[in-house]
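Take a look at the structure set out below.
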Amino acid sequence: MNAPPTSSKTARLAALGLSIAVGVALGLVADALAGDVPMSTKTVTDALLLSPFAIPAGAGAVATGFGATVMLLGGFLFWPGLLVLAWRYLKAPHVATAVACAVWSTQGFFMIVHRTMLIMSA
């Protein structure tokens, strides 16, 4: 199913940004639901600023054993995967690609505050 055609590059960028923002927000909701880290504006801002490092390296904060290995692999693949999805969406905007961007962003930013706390404590 295709999205309505958008001739404006600005509209496509806005839709892509909204899709990624939804994923980030869902990842932060997971942090809030866990409830064992302080969720202040400072900790969330720090986590978002350090996300290029926390996403690949903080897998031990959200899983153990084999799950940590899967999260580590997902973390290392996150940024290249997001770039490919964004490029595909900007080239040919489809609803499925926008949903994939949101899901991929949720996976990457899942419990990002926990991940950042793990890195900062090391």
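The values are calculated or read from the model by the stated rules, or taken from the named source; none is laboratory data. Computed from a predicted structure; not experimentally measured. In this analysis, Cβ positions are derived from the backbone assuming ideal geometry, glycine residues included, and neighbour counts consider all displayed protein chains. For the accessible areas, the whole protein counts, side chains as well, though only heavy atoms, and no ligand, DNA or RNA atoms are used. Shrake-Rupley method; radii C 1.70, N 1.55, O 1.52, S 1.80 Å.
General remarks:
- Failed condition for ALA98, given (1) under 16 Å from the mean Cα position of the chain (by Cα); (2) free of Cβ contacts under 8 Å to residues at least 60 places away in the same chain; (3) closer than 21 Å to ALA11 by Cβ; (4) open to solvent by 20 Å² or more (accessible area, probe 1.4 Å): (2)
- Flag if LYS91 is over 22 Å from SER121 (Cα atoms), over 17 Å from the mean Cα position of the chain (by Cα), exposed (fewer than 14 other Cβ atoms within 10 Å of the Cβ) and touching a residue at least 24 places away in the same chain (Cβ under 8 Å): no
- Selection status of VAL95, farther than 18 Å from ALA30 by Cα and at pLDDT 95 or above: no
- Of the helices (runs of 4 or more DSSP H) lying entirely inside segment 5-82, those carrying at least 2 residues that are touching a residue at least 40 places away in the same chain (Cβ under 8 Å) and basic (Lys, Arg) are 9-34.
- Selection within segment 11-54 - among the β-branched types (Val, Ile, Thr) and either at pLDDT 90 or above or under 17 Å from the mean Cα position of the chain (by Cα) (or both): ILE20, VAL22, VAL24, VAL29, THR41, THR43, VAL44, THR45
- Residue within segment 55-76 that is under 30 Å from ALA92 (Cβ atoms), modelled with pLDDT of 90 or more and either touching a strand residue (DSSP E or B) at 6+ places or on another chain (Cβ under 9 Å) or open to solvent by 50 Å² or more (accessible area, probe 1.4 Å) (or both) present: no
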